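*Asks:* The structure is given below, and queries will be raised subsequently.
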Amino acid sequence: MQLDTPDLLAALATCVGARHVLHSLEDTQPYNEDWRRKYRGRAAAVVSPASTAEVAAVLQLASAHRIPVVTQGGNTGMSGGATPDGSGAQIVLSTRRMNRIRHVDPFNDTVEVEAGAVLEAVQLAAGEAGRLFPLALAAQGSCTIGGNLATNAGGTAVLRYGNARDLTLGLEVVTPDGRIWNGLRGLRKDNTGYDLKQLYIGSEGTLGVITAAVLKLFPTPVARRTAMIALPSLEQAVQLLCRVRSELGPALTAFEVMSAACAPLLQRHFPAMRWPFDSRTPVVALIETSDHESEAHARDVLESVLARALDAGIATDGVIGESVAQSRALWALREHLSEAQGLEGPHIKHDISLSTSRVAAFVDVAVRRLEAEFPGARMAWFGHLGDGNLHFNVLAPIGTDPAAFCARQEDVNRLVHDLVHAHGGSISAEHGLGQLRRDENARYKDAVELALMHSVKQALDPLGLMNPDKVLTATKRY
Ligand code: FAD
Ligand code: MLT
Ligand code: ZN
């Protein structure tokens, strides 16, 4: 039976308390729009449970009355996955009140946290226990563990530690009909059937609500070092990556790159930041190493890596952060790129991955084709070269209207993604599909794989109430 608005609000209030049910346009506005301001919807209500039991109560109610549910964590997602549609019929379930760090277990090297815990708070809790939780991304001050797992977030340390999927040992999930699955096992070996947690990780709220997780911890490095390196081309960057990967082994924790179009963006929107090279440098790499011996060892190793790269003619220039503050300043250049691009105006984003051996060839042909078809377009790509993952973003030509350029985004996307597909890559490396890439994914995905994904959705969410029409098309059934 459908509920009218007053009945819906009253029923939700019995689950979580009236203070934690929002309805007015003003109160729900921050939940109705995504970080990039690309998508805007209208939630019937925003409900904020404080416990797993309260999530279960909300989902039982939603299932009984066929109310679609959009789960939202920090709302920093890049694919519009956490934004409700404009029907006014969907409720947003915000996990922000479920933010407890339940238990750090230094012997098992694990931490159990609630889904609404902010990533940075989890990193700090691990640090206080003398351990490292290595997931790291520029939105870590506001994104949540639930969102990280639901999108299988990547970030800057995947090269060494893997993505969110690799860092998760156990999950607690509330199913669409309000049952609680307690899979909070901190086991590194467990072959007792299908690995259900891996279904929920990366499912972007379409199969259930993740309420808690057991995550892996690691030894904290004694020292970290950051270097920024100027390179003549992306091909040389890939060569440098291969070199430092074999020279440093597990000490290499990040290998990021930025194209020549990135420096001018930072200079325009963050003029106080200092770019250490000529702003026309074709490619700049940012490398981070972690050392378990000493500060001095960390410095010597990175200095000799850089010296060898310069001697070999792979790199043309380089700087090493001599202090924590200097290293932070180098990282800040990389981390402010999303914001700088946003400040520049609407732009066309891509989040692609390729095998590292094919990245340079892809970029070469993609840039040539885009320049021919969209003269003056700026190729402001950056990203996680260590994982073969580039944010291959395309900006309007200087002096033109960014919105008018973005009106051609389907053509740009088609060109870029057809090429990615032809090179054996993925059109969504770490940001997920949400609503941004849902239809394109259906175009490129293997038909059998897509049909199996629909079967999983049908089996776990038969009423189609969980984040309808995200990830997969035509999932509305309620
Ligand atoms: P939300 O945006 O709230 O939600 C994202 C998706 O997860 C939605 O589909 C939502 O329905 C679902 N969801 C959220 N919580 C739950 C839950 N508890 N149970 C079930 N489903 C849930 N991403 C990267 O991978 N790597 C990066 O380097 C990176 N850098 C970023 C930098 C900036 C400046 C910004 C703004 C974003 C960046 N992102 C990056 C994207 C974003 O931060 C990640 O996708 C993050 O994991 C989203 O977490 P969130 O809590 O904000 O999720
Ligand atoms: C990044 O690596 O900075 C992020 O994934 C965000 C983005 O692509 O803008
Ligand atoms: Zn990224």
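The values are calculated or read from the model by the stated rules, or taken from the named source; none is laboratory data. Only a predicted model underlies this, so the values are computations on that prediction, with no experimental measurement involved. Cβ sites come from the backbone with ideal geometry, for glycine too, and all protein chains shown count toward neighbours. Note: accessible area is taken over every heavy atom of the protein model, side chains too, but ligands, DNA and RNA are not part of it. Shrake-Rupley method; radii C 1.70, N 1.55, O 1.52, S 1.80 Å.
*Asks:* When the stretch 127-144 is examined, which residues are found to be open to solvent by less than 20 Å² (accessible area, probe 1.4 Å) and assigned to a loop (DSSP other than H, G, I, E, B)?
*Replies:* Those that are open to solvent by less than 20 Å² (accessible area, probe 1.4 Å) and assigned to a loop (DSSP other than H, G, I, E, B): PHE133, PRO134, LEU135, CYS143.
*Asks:* For the stretch 37-70, which positions are open to solvent by less than 30 Å² (accessible area, probe 1.4 Å) and closer than 14 Å to GLN435 by Cα?
*Replies:* The answer is GLY41, VAL70.
*Asks:* Got at least one residue in the stretch 191-210 being touching a Phe, Trp or Tyr at 6+ places or on another chain (Cβ under 7 Å) and open to solvent by 40 Å² or more (accessible area, probe 1.4 Å)?
*Replies:* Taking the stretch 191-210 first, the residues touching a Phe, Trp or Tyr at 6+ places or on another chain (Cβ under 7 Å) are 207-208, 210.
Within this subset, residues satisfying the condition of being open to solvent by 40 Å² or more (accessible area, probe 1.4 Å) are none.
No - not one qualifying residue is present in the stretch 191-210.
*Asks:* Inspect all residues belonging to the stretch 440-457 and state whether any of them is within 16 Å of ligand 1 (Cβ to nearest atom), open to solvent by 20 Å² or more (accessible area, probe 1.4 Å), farther than 26 Å from ASP364 by Cβ and in a helix (DSSP H, G or I).
*Replies:* Looking through the stretch 440-457, at least one residue is within 16 Å of ligand 1 (Cβ to nearest atom), open to solvent by 20 Å² or more (accessible area, probe 1.4 Å), farther than 26 Å from ASP364 by Cβ and in a helix (DSSP H, G or I).
*Asks:* Hey, could you check the stretch 145-163 for residues that are away from ligand 3 (no atom under 11 Å from the Cβ) and over 10 Å from the mean Cα position of the chain (by Cα) and say which is surrounded by the most Cβ atoms within 10 Å (Cβ to Cβ)?
*Replies:* Per the criteria, the residue is ILE145.
*Asks:* From the list GLN435, GLN409, which residue is within 22 Å of GLU33 (Cβ to Cβ), in contact (Cβ under 8 Å) with a residue 24 or more places away in the chain and within 13 Å of ligand 1 (Cβ to nearest atom)?
*Replies:* GLN435
*Asks:* In the stretch 315-342, which residue that is closer than 19 Å to ASN393 by Cβ and of a type in the set (S, T, N, Q) is surrounded by the most Cβ atoms within 10 Å (Cβ to Cβ)?
*Replies:* Only one residue fits best here, namely GLN341.
*Asks:* Identify the residue in the stretch 167-190 that is in contact (Cβ under 8 Å) with a residue 12 or more places away in the chain and open to solvent by 60 Å² or more (accessible area, probe 1.4 Å) and, among all such residues, is nearest to THR156 (Cα to Cα). Steps first, please.
*Replies:* As a first pass, look at the stretch 167-190 and keep what is in contact (Cβ under 8 Å) with a residue 12 or more places away in the chain: 167-181, 183-188.
After this cut, where a residue has to be open to solvent by 60 Å² or more (accessible area, probe 1.4 Å) as well, the list is 177, 179-181, 185, 187-188.
Numbers: ASP177: 36, ARG179: 35, ILE180: 33, TRP181: 31, ARG185: 27, LEU187: 25, ARG188: 24 Å.
Here the answer is ARG188.
*Asks:* Same structure again: Which ones in the stretch 104-126 are open to solvent by 30 Å² or more (accessible area, probe 1.4 Å) and either outside any loop (DSSP other than H, G, I, E, B) or farther than 19 Å from PHE218 by Cα (or both)?
*Replies:* The answer is VAL104, ASP105, GLU112, VAL118, GLU120, ALA121, GLN123, LEU124.
*Asks:* Is one or more of the residues making up the stretch 401-411 surrounded by 14 or more Cβ atoms within 10 Å (Cβ to Cβ) and within 15 Å of ligand 2 (Cβ to nearest atom)? Can you show your working first?
*Replies:* Just the residues of the stretch 401-411 that are surrounded by 14 or more Cβ atoms within 10 Å (Cβ to Cβ), to begin with: 402, 405-406, 408-409.
Filter again for within 15 Å of ligand 2 (Cβ to nearest atom), leaving none.
No.
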